[in-house]
């Protein structure tokens with residue numbers, strides 16, 4: 001085939017195209033993913049029974065605040081990784097800030113706690129299950145984000161996979177907070193971060209294989 | 001110094017000119033879009049020819065595959081972004097993908113280049129790609145082949161193509177879109 005032929009073919013009968021469909025596609029994926037994750041949470045784990053009461057406490061809101069700010073930053077990262085040649089710029093800082101903030105609060109809490117209490121603050125009652133539950137709840141989100149990424153044009157596939165996984169993990173942590181009975185910042189600083197890291201690393205490994213276009 | 005300034009001015013002119021054409025194309029202007037793709041194919045040809053000097057036969061296939069990629073992904077271009085960066089990222093990705101799939105390690109070391117390189121030269125001397133368009137189209141299912149045939153080759157409108165085939169208008173649009181994606185895969189496959 002002559003390239004000239006292909007050019008004519010491609011240009012024939014084109015219709016206007018809306019630029020920037022990337023964020024719209026991720027928003028759609030977010031809608032499906034969060035619904036799926038919430039459904040999975042209710043079916044597999046259940047919502048904590050004292051949710052209404054817990055919502056009155058200040059510490060309860062730390063988890064959603066952390067997860068939501070991380071999800072927001074990773075949304076921007078994923079959306080940029082899906083577009084060829086888009087620069088990440090300062091988004092790295094937006095990504096690191098929630099994690100560093102939680103680590104800082106956790107360090108302050110641990111330093112001020114009595115030595116005997118420190119292990120409890122880190123391990124809580126659910127440290128064995130928390131990271132795996134976050135990874136489990138992230139499955140619908142993970143599939144949705146990979147779908148969104150796959151339909152766009154990522155050019156750095158491992159990074160794009162990690163970005164999609166991070167967005168899934170952070171959103172999953174937000175949903176998981178409806179179940180999670182823990183309140184301590186040191187617990188969150190370790191196990192939530194680990195739980196979010198599982199889909200992130202999975203995405204980095206799968207990216208080069210599943211995101212090719 | 002003067003030569004570098006001249007070079008920069010040339011890049012800026014190319015960037016502005018191609019960007020203006022693409023933006024008109026995104027708004028539905030087929031003539032501008034045709035000009036854009038034509039200019040782009042010459043830049044791609046020079047860019048790939050320089051980097052695939054050991055495999056001249058792959059050049060035209062890759063030019064066509066990359067043009068299809070640009071077309072299929074044109075909705076990922078944001079008009080506030082430099083066109084050079086967007087085009088270079090796609091061309092480089094397609095080149096790397098080809099080299100990676102051939103596991104050609106020698107050529108990989110040659111890829112540390114500047115993004116301006118993609119517009120550095122232009123080569124209108126096209127060789128034919130190895131696959132024939134009719135042959136490629138024949139391999140597509142009817143729901144993709146007929147929309148491309150009527151809308152893209154015979155120049156019918158979407159409404160006319162829908163009447164001719166008995167398909168819905170949205171099925172025609174989806175058929176064109178998916179068919180072009182399948183064509184991109186076919187140019188690669190077997191090459």
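Modelled spin-label separation between residue B:50 and residue A:61, with each label point placed 7 Å from Cα along the Cα-to-Cβ direction: 5.7 nm. Give the shape of chain A as rounded, prolate or oblate, defined through the alpha-carbon gyration tensor: a ≥ b ≥ c are the square roots of its eigenvalues, a/c under 1.5 means rounded, and otherwise the shape is prolate if a/b is larger than b/c and oblate if not. Here chain A falls in the prolate category. Annotation: the residues B:61, B:80, A:125, sorted from fewest to most other C-beta atoms within 10 Å of their own C-beta, follow the order B:80, A:125, B:61. To the nearest ten degrees, helix A:130-150 and the longest principal axis of the Cα atoms of chain A are 10 degrees apart. Once the Cα atoms are used to define both axes, helix B:2-26 deviates from the longest principal axis of chain B by about 10 degrees. Springs join every pair of Cα atoms under 10 Å in this Gaussian network model of chain B, and among B:123, B:97, B:58 the largest mean-square fluctuation is at B:97. Computed packing ranks the peptides B:38-44, A:9-15, B:86-92 as B:86-92, B:38-44, A:9-15, most packed first, by mean other Cβ atoms within 10 Å.
Between residue A:205 and residue B:57, the simple spin-label model (points 7 angstrom out along Cα→Cβ) gives 3.8 nm. What Kirkwood radius, in Å to one decimal, follows from the Cα pairs of the range B:133-188? For the range B:133-188, the Kirkwood estimate is 10.9 Å. To the nearest ten degrees, helix B:83-101 and the longest principal axis of the Cα atoms of chain B are 80 degrees apart. Of A:159, A:178, A:43, which is the most mobile in a GNM of chain A whose springs link Cα atoms less than 10 angstrom apart? Of the options given, A:43 has the highest mean-square fluctuation.
Going from the fewest other Cβ atoms within 10 Å to the most, the residues A:41, A:6, B:116 appear in the order B:116, A:41, A:6.
Taking a ≥ b ≥ c as the square roots of the eigenvalues of the alpha carbon gyration tensor, chain B is oblate, as a/c is not under 1.5 and a/b does not beat b/c.
Normalised by the number of residues in the range A:159-213, the mean separation of alpha-carbon contacts (under 8 Å, six or more apart) gives a relative contact order of 67 percent. Each Cα pair under 8 Å and six or more residues apart adds its sequence gap; the mean of these over the residue count of the range B:133-188 is a relative contact order of 42 percent. Secondary-structure-derived ellipticity at 222 nm for chain A, considering helices only, amounts to -22000 deg cm²/dmol, per-run term -39500 (n - 2.57) for DSSP H runs with n ≥ 4. By the beta-carbon count within 10 Å of each Cβ, the least crowded to most crowded order of B:51, B:143, fewest first, is B:143, B:51.
Relative contact order of chain B: 24 percent, from C-alpha pairs under 8 Å at least 6 residues apart in sequence.
Which of A:31, A:151, A:56 ends up with the largest GNM mean-square fluctuation for chain A, with Cα atoms connected below 10 Å? Maximum among the listed residues: A:56. What shape does the protein assembly as shown take by its C-alpha gyration tensor, where a ≥ b ≥ c are the square roots of the eigenvalues and a/c under 1.5 counts as rounded, a/b above b/c as prolate, and the rest as oblate? Cα axes put the protein assembly as shown in the prolate bin. Calculated [222 nm] ellipticity per residue, helices only, for chain B: -21500 deg cm²/dmol; basis is -39500 (n - 2.57) per DSSP H run with n ≥ 4, divided by all residues, nearest 500.
Values quoted throughout were computed directly from the atomic coordinates according to the rules given, and no laboratory measurement underlies them. Small disclaimer: the values here were computed from a predicted structure and weren't measured. FYI the Cβ positions are ideal-geometry reconstructions off the backbone, even for glycines, and counts take in every protein chain you see.
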